[in-house]
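The structure appears below as structure tokens.
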Amino acid sequence: MAKYLFITGGVVSSLGKGLTAASIGQILINRGLTIRMQKMDPYLNIDPGTMSPFQHGEVYVTDDGTETDLDLGHYERFTNQPTSHKSNYTAGSIYWNVLQKERRGDYLGATIQMIPHITDEIKSCIHSLDEEDVDIIICEMGGTVGDIEGLTFLEAIRQIGLEEGPENVMYIHLTYVPYIQAAGEVKTKPTQQSVAKLREIGILPHVLICRTEVPLTDEVLNKLSLFSNVPLQAVIEERDVAHTIYELPLVLAKQKLDDLILSNFELTRPPAQLEQWQNIVNNIIEPKGKIRIGVVGKYSELQDAYKSIFEAIHHGGIAHKHTIETIKIPAEELEEGKQVEAFNNIEGILVPGGFGARGIEGKINAIKIARENGIPFLGICLGLQCAIIEFARHGCALKNANTTEANQETPHPVVCLMEEQEEVVDLGGTMRLGSWPCVIEQNSKTATAYGTLKIHERHRHRYEVNNKYRSVLEEKGLLFSGLSPDSKLVEIMELKDHPWFIATQFHPEFKSTPLHPHPLFKAFVGAAIERHSCNKQISV
Ligand code: GLN
């Protein structure tokens, strides 16, 4: 029987609850425990797949093809273990299940209510992770304590506390302790009120993790302990980390958070083995060099829209003990050749995934610069599709070649809707999603990067390279270096006559972790470092 560790958030959002949960997962794995991680999101969308990056940041895709919250990316990056559809539920998906059961008559005529029907459904989703050999389920509650939409979730986890008993359930509350500049001091009142709100529901936190920008004095820690009824040693300071988010497990382990958790659950395990993790952090803090990589996207102003991409680039840097400065280049500003000087002193160009016509021409211009100047290039999903369009237009003289996503009337639809997508009407969960096999061409840079010819990668797209144009593109020097096992779908392309130019229809960034940097990101960063050492400049 698994134990349950619930993580709630107080005072404000954006405190880094997902990172904290992921860090706790990391430390517990290093104590030899088997864990599962889960995120509950109290909004009404069935999943974040249909939400705009402006609203929600990146949509993270699991192996089993679920479109999920970006916190699951943190979970996988910190714990090195895959998540699944059981790792992310929304209020919308919970209500959907309950209402379907109601329609089927499963409730035998009962009046369907928040308690017990919605709360029971939430509990069964949480219990679904209680598989054989699982020691601890870490369940993060999305939102902030006090939100109306989060109430049923808090009620459900309160009930689990009662049902499973105190040695099997633990509540950790992540809170914010603000520093008020004008007063020159930190304030504990928001935390006091947030904990009071939790206690009103019947949840008494065992641990307080306090997000702060300044060190907390003993006086403040004592006050937080007294007013929140949390033992002093369980009031943990989580100050902004100096160098990298990957320091966080070390910060929490130093304050013995893992000991607190194990003793609460009456578990004994050897001390955490954090040397490997410490090495990663050391490599980040003391790099051998620094390079710059430009990311040409249409949400350049948004920190979270390309979360896994930025992380994977940094993992590539970790593999070479290099710091990577990522330069966000807004795709639209590159249209009509504006802003090309943005590429000066850049050693690599990455074009990420995306949807719709906005920004496509700018991405194509960026790819032209990469191709003509021998700048290492990595294209992902729409990035591959734009690379195909660029090569068709400028390398094969297919004038106005395009994807039908941007222009239905193009004379050369080199990228078009996949056959199986033609009848699809619903937007949610209907793309080609999740992990699919791919076979790699032996004599290719792709094969050198992967070191293997059979891979599985995660997808999220509706459009594909149009097979009718494959031969003309190949004749002019493009290599389809990865195909689906039946050869019907292009998965990877590269350019033969270029130092390093690879693009993928899938999303390699979802499988990259600091302990296991993704081979393509590692090779891409390697090529960029190589270019840096040759001190090459572009000519545009
Ligand atoms: N819009 C493109 C498609 O649906 C690319 C998707 C993506 O980049 N994730 O195929």
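Output the residues belonging to region 486-537 that are part of a loop (DSSP other than H, G, I, E, B), in contact with a Gly (Cβ under 9 Å, 6 or more places away or on another chain) and not aromatic (Phe, Trp, Tyr).
Lys496, Asp497, His498, Pro499, Gln505, His507, Ser512, Pro517, His518, Lys536
Rundown of residues vs (1) within 26 Å of Pro178 (Cβ to Cβ); (2) in contact (Cβ under 8 Å) with a residue 60 or more places away in the chain; (3) touching a Lys or Arg at 6+ places or on another chain (Cβ under 7 Å); (4) open to solvent by less than 40 Å² (accessible area, probe 1.4 Å), yes/no style:
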| residue | (1), (2), (3), (4) |
| --- | --- |
| Ser13 | yes, yes, no, no |
| Leu19 | yes, yes, no, yes |
| Leu72 | no, no, yes, yes |
| Asn88 | no, no, yes, yes |
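Can you tell me which of (1) out of contact with any Gly (no Cβ under 6 Å at 6 or more places or on another chain); (2) of a type in the set (Gly, Ala, Ser); (3) more than 12 Å from the ligand (Cβ to nearest atom); (4) open to solvent by less than 20 Å² (accessible area, probe 1.4 Å) is the one Gly395 doesn't meet?
Single failed check for Gly395: (4).
Looking at this structure, is Leu108 open to solvent by 40 Å² or more (accessible area, probe 1.4 Å), in a loop (DSSP other than H, G, I, E, B), of a type in the set (A, V, I, L, M, F, W, C) and over 17 Å from Gln38 (Cα atoms)?
yes
Which residue out of Asp63, Asp41 is among the acidic types (Asp, Glu), open to solvent by less than 20 Å² (accessible area, probe 1.4 Å) and at pLDDT 95 or above? Spell out the reasoning first.
Working: Asp63 fails: open to solvent by less than 20 Å² (accessible area, probe 1.4 Å).
That would be Asp41, the only listed residue that is among the acidic types (Asp, Glu), open to solvent by less than 20 Å² (accessible area, probe 1.4 Å) and at pLDDT 95 or above.
Pull out all pairs, ordered by first then second residue, where Cβ-Cβ is under 6 Å, the residues are six or more apart or on different chains, the first lies in region 348-359 and is more than 10 Å from the ligand (Cβ to nearest atom), and the second is open to solvent by less than 10 Å² (accessible area, probe 1.4 Å) and part of a loop (DSSP other than H, G, I, E, B).
Listed by first residue and then by second, the contacts come to Gly348/Pro376; Ile349/Ile375.
Say whether the condition of being among the hydrophobic types (A, V, I, L, M, F, W, C), more than 21 Å from Ser13 (Cα to Cα) and modelled with pLDDT under 95 is met by at least one residue in region 265-274.
Yes: region 265-274 contains one or more residues that are among the hydrophobic types (A, V, I, L, M, F, W, C), more than 21 Å from Ser13 (Cα to Cα) and modelled with pLDDT under 95.
Select from region 321-347 the residues that are assigned to a loop (DSSP other than H, G, I, E, B) and open to solvent by 10 Å² or more (accessible area, probe 1.4 Å) and write down the one among them that is farthest from the ligand (Cβ to nearest atom).
Lys321
Quick check on my filter: what residues within region 223-251 are closer than 22 Å to Asn282 by Cβ and surrounded by fewer than 21 Cβ atoms within 10 Å (Cβ to Cβ)? Break it down stepwise before answering.
Within region 223-251, the subset closer than 22 Å to Asn282 by Cβ is 238-251.
Across region 223-251, the qualifying residues are Arg239, Asp240, Val241, Ala242, His243, Thr244, Ile245, Glu247, Leu250, Val251.
Hand me the list of helices (runs of 4 or more DSSP H) wholly inside region 4-80 holding 2 or more residues that are closer than 19 Å to Tyr246 by Cα and of a type in the set (A, V, I, L, M, F, W, C).
Fully inside region 4-80 and qualifying: 17-30, 71-79.
Is it the case that region 283-300 has a residue that's under 22 Å from Met493 (Cα atoms), part of a loop (DSSP other than H, G, I, E, B), open to solvent by 10 Å² or more (accessible area, probe 1.4 Å) and within 16 Å of the ligand (Cβ to nearest atom)? Steps first, please.
Going through region 283-300, the residues under 22 Å from Met493 (Cα atoms) turn out to be 293-297.
So of that shortlist, the ones also part of a loop (DSSP other than H, G, I, E, B) come out as none.
No, the conditions are met nowhere in region 283-300.
For Thr410, are the conditions met, namely being part of a loop (DSSP other than H, G, I, E, B), under 30 Å from Thr83 (Cβ atoms) and at pLDDT 95 or above?
The answer is no for Thr410.
Working only within region 441-476, note down all residues that are under 32 Å from the mean Cα position of the chain (by Cα), of a type in the set (Lys, Arg) and not in a loop (DSSP other than H, G, I, E, B).
Across region 441-476, the qualifying residues are Lys445, Lys454, Arg458, Arg460.
Going by the structure shown, is Ile313 away from the ligand (no atom under 16 Å from the Cβ), in a helix (DSSP H, G or I) and touching a strand residue (DSSP E or B) at 6+ places or on another chain (Cβ under 8 Å)?
Yes.
Taking the stated definitions as given, is Thr404 open to solvent by less than 60 Å² (accessible area, probe 1.4 Å), of a type in the set (Ser, Thr, Tyr) and within 29 Å of Met51 (Cα to Cα)?
So Thr404 fits the description; yes.
Do we have any residue at all in region 56-71 that's within 30 Å of Ser263 (Cα to Cα) and under 25 Å from the mean Cα position of the chain (by Cα)?
Checking region 56-71: at least one residue is within 30 Å of Ser263 (Cα to Cα) and under 25 Å from the mean Cα position of the chain (by Cα).
Only one residue in Lys511, Lys496 is open to solvent by 70 Å² or more (accessible area, probe 1.4 Å) and touching a Leu at 6+ places or on another chain (Cβ under 9 Å). Which one? First the steps, then the outcome.
Working: Lys511 fails: touching a Leu at 6+ places or on another chain (Cβ under 9 Å).
From the options Lys511, Lys496, the qualifying one is Lys496.
Could you check how many residues of region 447-478 are crowded, with 21+ Cβ neighbours inside 10 Å, away from the ligand (no atom under 15 Å from the Cβ) and without any contact (Cβ under 8 Å) to a residue 60 or more places away in the chain?
Qualifying residue count, region 447-478: 1.
Quick check: is even one residue across region 370-390 surrounded by fewer than 21 Cβ atoms within 10 Å (Cβ to Cβ) and part of a loop (DSSP other than H, G, I, E, B)?
Checking region 370-390: at least one residue is surrounded by fewer than 21 Cβ atoms within 10 Å (Cβ to Cβ) and part of a loop (DSSP other than H, G, I, E, B).
The values are calculated or read from the model by the stated rules, or taken from the named source; none is laboratory data. Predicted model only: the values in this text are computed from it and were never measured. Note that we place each Cβ from the backbone using ideal geometry, even for glycine, and neighbour counts take in every protein chain shown. Please note that ligands, DNA and RNA were not included when accessible areas were found on the heavy atoms of the full protein model with its side chains. Shrake-Rupley method; radii C 1.70, N 1.55, O 1.52, S 1.80 Å.
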